[in-house]
Amino acid sequence: QVQLVVPIAVVFSPGSVPGDLLRPLPFRDVQEMEISVNLRTSVTSRYEMLYRSTTGQEEAALAAATAREADAALHPLQDTTLGSLTMYVVPETSSLLPQGINVYVGKHRSALLRAGGSLAALQARLREVTQVMSFTASSIAAALSDRVPNGQLSPDARRYLKSSLGYEITFSLLNPDPKSHTVDWDIEGAVNRYVKPVLDKLSLVANFSVDSQILYYAVLGVTPRYDKESSSFLLSAHSLPHVINPVEARLGSSAASLYPVLNFLLYVPERSHSPLYIQDKDGAPVSTNAFHSPRWGGIMVYNVEAPASPQASLPLHVDVDMARVMEVFLAQLRLLFGLSREEVPPEFLLESPGNEGLADWELDHLLWAHTVENIATVSTTLTSLAQLLDKIGNIVIKDDVASEVYRAVASVQSAVTELSLGHLHAAFQASKEAVTSSERAFFDPSLLHLLYFPDDQKFAIYIPLFLPMAVPILLSLAKIVRETRQHKKEPTKMD
């Protein structure tokens, strides 16, 4: 039974304390909610809330002109522990938040929210903010998707990447028509400028490696439809799944990979199929001219402008606008990790994370989900290992395998304990160690079940071999015994 504890500080600025708040500040309160996954599994979320007044420094920070400036000034003053949240309550009439906005979520681990007039309204607002900034029932269900009945799972739950100790990211440029186009892309500079800050932030979650390649004469495998009205070629939504398989056969990146591979493909259409546009299910053109595949990656079509004169010499030189391309690929990367910001109430204003690609609370969101998923994975792995050992009675357990099992059990128990104490970072590290140990034990070569045979199988193998040999041996033994008995019965002759 897993209990997720979120420490929350609710800080009241002057004039924001609700009139029906009966207890004097400061005081503590606890709210619990049970997230049911299936009949046997449930996760308890526990919000430990500390209600207090602002300090002098916090009041000075809240006197800033804008919410963004206030958030930046408050950041050094608050608890920056992973998984913890700080909510600053401002008066209903405060000009710090824009008109029509009741909640401002910063890019660290704090939010500004209007008091709401009554305690009930404030608590409802706090509940909404907490759900956005920590975890929701749907994000926990997505993390435990293998245990959730299919009917109860949201369509997006299987889109997200499974938790892993590492990921490999491959950027591929597909140039199917090198005779017409010479494509130049500064992928190294773009990775350093746009991708590296995001991966540095995500390095706490997993290890990442990035590589790139250019593939010539690699076509999509689906012939686009020509549209006379727009004088362009179209790829419809239902044909997009058929695009990936022919291309994936050329990529070759996942063949020798230990970790999940994320593929981001930039496709420059051949001259005979230019310009090429992607349509959505309603037949409207997709603004980014890109699509993504759950747990696989994404493809962006990059159209090249036709030459001004038909007599232009080929091949045409193309310089790829990497800023536009990386904007799309980073959005797809966020989608694959389940960090989309679509389901937010309209009165919420979320601060852009900037160059880092994700806010601190979004990183926590990922750590909550991956910690729970790791604990479930270890549980499943060790249960499968126990079932294998029960099935094969004469299997030999080496000392190093036994120590890995003990280490996995101790680490997963430590992860559960740290979660119940509200220590997200320590819990995540323990869950990673548990996954590593359990995988080592499960995939140890000495535990390969094909090395061991059930007793009935041994009889089935050896009886046809030894029975033909045993018959003459047994007959000979019987003859020797019979002759020995006759020899004893015969009287000995005396001279």
What the Cα atoms of the stretch 71-155 span along the principal axes, largest first and in whole Å, is 47, 29, 21
Site Ser352, offset 7 angstrom along Cα→Cβ, radius 15 Å on amide nitrogen, limited to the stretch 191-229, gives 194
Given backbone amide H placed at 1.01 Å from N, residues whose amide H is under 5 Å from that of Leu173, ignoring those fewer than 5 places away on the same chain, are Gln213, Ile214, Leu215, Leu266
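With all pairs of different alpha carbon atoms counted, what Kirkwood hydrodynamic radius in Å does the stretch 454-494 show?
12.9 Å
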For Ala9, the residues 5 or more places away or on another chain with a placed amide H closer than 5 Å to its own amide H are Leu50, Leu85, Thr86, Met87
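So, for the stretch 52-158, what is the accessible surface per residue at a probe of 1.4 Å, expressed in square angstrom?
Result: 43 Å² per residue.
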quick note, the chain, DSSP beta bridge pairs, % antiparallel (nearest 5) is 30 percent
Relative contact order as a percentage, the stretch 360-447, C-alpha pairs under 8 Å and 6+ apart, gives 42 percent
Shape descriptors of the stretch 360-447 over alpha-carbon atoms, Rg and Dmax in angstrom, are 14.4, 51
Note on the chain: contact order normalised by length, alpha-carbon pairs under 8 Å, 6 or more apart, percent, works out to 16 percent
Residue span Lys281 to Arg23: 0.36 nm per residue of separation minus Cα-Cα distance leaves a gain in nm of 87.4 nm
Reported to the nearest 10 Å², Thr484 has, with a 1.4 Å probe, an accessible area equal to 70 Å²
Of every hundred units of 1.4 Å-probe accessible area on the stretch 268-422, the number belonging to carbon and sulfur atoms, as a percent, is 53 percent
Full extension between Thr383 and Arg46 adds, at 0.36 nm per residue less the Cα distance, a length in nm of 118.5 nm
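Could you pull out the pairs from Lys162/Lys196; Lys107/Lys432; Lys196/Lys281 whose alpha carbons sit more than 23 Å apart here? Can you show the working numbers first?
On the way: Lys162/Lys196 21 Å; Lys107/Lys432 26 Å; Lys196/Lys281 34 Å.
From the list (Lys162/Lys196; Lys107/Lys432; Lys196/Lys281), the Cα-Cα distance tops 23 Å for Lys107/Lys432; Lys196/Lys281.
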Share (percent) of C-alpha pair distances in the chain greater than 34 Å works out to 54 percent
Counting only DSSP beta bridges with both partners in the stretch 1-132, the antiparallel fraction in percent, to the nearest 5, comes to 40 percent
Taking every other residue with Cβ under 15 Å from the Cβ of Arg46 and scoring Lys and Arg +1, Asp and Glu -1, one gets -3
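The values are calculated or read from the model by the stated rules, or taken from the named source; none is laboratory data. Because the structure is a prediction, the values reported are computed rather than measured. A quick note on method: Cβ atoms are made from the backbone with ideal geometry, for glycine too, and the neighbour counts reach across all protein chains shown. Side chains included, ligands, DNA and RNA excluded: accessible areas come from the protein's heavy atoms. Shrake-Rupley method; radii C 1.70, N 1.55, O 1.52, S 1.80 Å.
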